[in-house]
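Step one of this worksheet: look at the structure below.
The values are calculated or read from the model by the stated rules, or taken from the named source; none is laboratory data. Please read these numbers as outputs of a predicted model, since none were measured by experiment. Using ideal geometry, Cβ is built from the backbone for each residue, glycine included, and neighbour counts are taken over all protein chains shown. Side chains are part of the model used for accessible areas, which takes the heavy atoms of the whole protein and leaves out ligands, DNA and RNA. Shrake-Rupley method; radii C 1.70, N 1.55, O 1.52, S 1.80 Å.
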Amino acid sequence: MTHEPPVETGSTAEDETWQLFRGDGRRRIATIPAAPPWRRFTTAESEAPAAGSHYVIGREETDVVNAAIHLRRPLLVTGHPGTGKSSLAAAIAHELDLGPLLRWPVNSRSTLQDALYRYDAIGRLQESNLERGPDEPRPGIGSFLRLGPLGTAFVAEHRPRVLLVDELDKGDIDLPNDLLTVFEEGTFEIPELSRLPEEQAEVDVLTADPHRTAKVRRGMVRCTEFPLVVITSNGERDFPPAFRRRCLPLHLGDPDEARLREIVEGHLGPDALADAGDLVMAFLAQRAVGELATDQLLNAVFLRRGGARLDADGLLKTVLHRLNADG
């Protein structure tokens, strides 16, 4: 069986720029365009788009955020999918220069223990059984213990970290109450370290930050600055009153036309709005009868700029599909 050699295709014509895949079975060498800013990944941190640098929020919402910062209380953020709940945490970390955002994505199997720390007891046992030379040191217990995002947020620092607890309502029903004690006391114990002899009172352990360790003394992790905690919820269930009392609530509503235009301009530049007015209006019209996320509008504008033909009966309908089950 012979293979047809790939065909060189130019990328100057607008249709060729958009029609990378044509479904004709012919091999071709196509120039793959740059991804949207929010879908770019890189190994170099300096080359990656700054998370949260294009976040758009109103004055009433910023007042609530600032109240949570001053009071050192968790922020409980609700709203429809795509309203920027998770991005808010990245925006706070970016604007206040509080280091990389610590993320804890919650699911039905999440436990407080996993968010605080994990101990690889099996790995340590296997390591202890390996044969080593008389001068070859064995790794300490800290090499088998890693703080989770919540545990790392409680490491003593001169400035607080920002912790995102994403979609807490997906977790176990007791998880919010489990968090209360840690949030109120600002400390937790690692029994595997507190049982060590006095000569091992201080141990360097791994953290959720790559290539970074933290010193833990006598097995106790105690924050000096309570982290800025952003907890998101999609409203799938209610939280206990005791938990809600210790949080500041913030509801992010669906952005209006003016804010949508700000969001598009912030992510794609001022020129993006030049030929996107109809997309904004189509988005608003469809959102009025079914749930949509703001990033769906960003996807539509990005595709339009890339040469896609968007109309109400074609690709636009696919991009702006409703999120609710009955849509």
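Worth pointing out:
- Some residue of segment 175-197 being part of a loop (DSSP other than H, G, I, E, B), surrounded by fewer than 19 Cβ atoms within 10 Å (Cβ to Cβ) and at positive phi: yes
- Conditions (1) surrounded by 15 or more Cβ atoms within 10 Å (Cβ to Cβ); (2) closer than 22 Å to ALA201 by Cα; (3) not β-branched (Val, Ile, Thr); number of the one not met by PRO139: (1)
- Qualifying residue in segment 93-108 (condition: farther than 30 Å from ILE263 by Cβ and open to solvent by 20 Å² or more (accessible area, probe 1.4 Å)): yes
- A single member of ALA300, ALA308, ALA272 is in a loop (DSSP other than H, G, I, E, B), open to solvent by less than 20 Å² (accessible area, probe 1.4 Å) and closer than 26 Å to THR31 by Cα, and it is ALA308.
- The lone exception for ARG159 - which of (1) touching a Gly at 6+ places or on another chain (Cβ under 9 Å); (2) surrounded by 13 or more Cβ atoms within 10 Å (Cβ to Cβ) it fails: (2)
The rows are residues; the columns are (1) assigned to a loop (DSSP other than H, G, I, E, B); (2) modelled with pLDDT under 95.
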residue: ILE32; (1), (2): yes, yes
residue: TRP38; (1), (2): no, yes
residue: THR43; (1), (2): yes, yes
residue: GLY52; (1), (2): yes, yes
residue: ILE57; (1), (2): yes, yes
residue: VAL65; (1), (2): no, no
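- Residue check, GLY10 closer than 30 Å to PRO241 by Cβ, small (Gly, Ala, Ser), modelled with pLDDT under 90 and in a loop (DSSP other than H, G, I, E, B): no
- Evaluating HIS80 against the criteria (1) at pLDDT 80 or above; (2) assigned to a helix (DSSP H, G or I) leaves one unmet condition, (2).
- Every pair of residues 6+ apart whose Cβ atoms lie under 7 Å, when the first sits in segment 17-33 and is more than 16 Å from PHE302 (Cα to Cα) while the second is modelled with pLDDT under 85 and outside any loop (DSSP other than H, G, I, E, B): ARG26/VAL7; ARG27/VAL7; ARG28/VAL7; ILE29/GLU8
- Residue selected from segment 142-151 under the condition more than 16 Å from the chain's Cα centre (by Cα) and open to solvent by less than 60 Å² (accessible area, probe 1.4 Å), by the criterion modelled with the lowest pLDDT: GLY142
- Within segment 198-214, considering residues that are hydrophobic (A, V, I, L, M, F, W, C) and in contact (Cβ under 8 Å) with a residue 40 or more places away in the chain, the one surrounded by the most Cβ atoms within 10 Å (Cβ to Cβ): VAL205
- The set of residues in segment 226-240 being in a loop (DSSP other than H, G, I, E, B) and surrounded by 16 or more Cβ atoms within 10 Å (Cβ to Cβ) consists of PHE226, PRO227, PHE239.
- Cross-chain or 6+ apart pairs with Cβ under 6 Å, segment 157-181 first and at pLDDT 95 or above and among the hydrophobic types (A, V, I, L, M, F, W, C), then open to solvent by 10 Å² or more (accessible area, probe 1.4 Å) and in a strand (DSSP E or B): VAL162/LEU228; LEU164/ARG103; VAL165/TRP104
- Counted residues, segment 109-130 - those being open to solvent by 20 Å² or more (accessible area, probe 1.4 Å) and not in a helix (DSSP H, G or I): 7
- Within segment 285-297, tally of residues that are under 13 Å from GLU257 (Cα atoms) and under 26 Å from the mean Cα position of the chain (by Cα): 3
Residues checked against (1) surrounded by 15 or more Cβ atoms within 10 Å (Cβ to Cβ); (2) not in a helix (DSSP H, G or I):
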position: VAL216; (1), (2): yes, yes
position: VAL221; (1), (2): yes, yes
position: THR224; (1), (2): no, yes
position: ALA242; (1), (2): no, no
position: ALA258; (1), (2): no, no
position: VAL280; (1), (2): yes, no
position: GLN286; (1), (2): yes, no
position: GLY290; (1), (2): no, yes
